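Engineer: Dropping the structure in here first, questions after.
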Amino acid sequence: MDNIERSAELNRELVECAIVEVLEIAQRQGITPIDFIQLLDSGMRISDFLAALIPCANGNRTIDSDS
């Protein structure tokens, strides 16, 4: 039982770190936490969100709506 509790604690820590990282990536692109939550509420998956942002984050560019 002790192993199960430790595993849950570690997973929670990992999830919290992942959320912070995703929010930092979004913020560098000008997306507020509220915007991010609205995207999730509208049905966007986090994996799709990251796939759209990671190339921009790595290239140190912002998203251009004219592209």
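Engineer: Take the residues in region 1-11 that are part of a helix (DSSP H, G or I) and of a type in the set (A, V, I, L, M, F, W, C); name whichever of them is modelled with the highest pLDDT. Explain how you work it out, then say what you get.
Structural biologist: Let us first name the residues in region 1-11 that are part of a helix (DSSP H, G or I), namely 2-11.
Restricting the remaining residues to those that are of a type in the set (A, V, I, L, M, F, W, C) gives 4, 8, 10.
Values: ILE4: 61, ALA8: 63, LEU10: 68.
Ranking the qualifying residues of region 1-11, first place goes to LEU10.
Engineer: For region 12-67, give me each residue that is exposed (fewer than 10 other Cβ atoms within 10 Å of the Cβ) and at pLDDT below 85.
Structural biologist: ASN58, GLY59, ASN60, ASP64, SER65, ASP66, SER67 - these are the residues of region 12-67 that are exposed (fewer than 10 other Cβ atoms within 10 Å of the Cβ) and at pLDDT below 85.
The values are calculated or read from the model by the stated rules, or taken from the named source; none is laboratory data. These numbers were taken from a predicted model, which means no experiment stands behind them. Please note: Cβ atoms are built from the backbone with ideal geometry, for glycine as well, and neighbour counts cover all protein chains shown.
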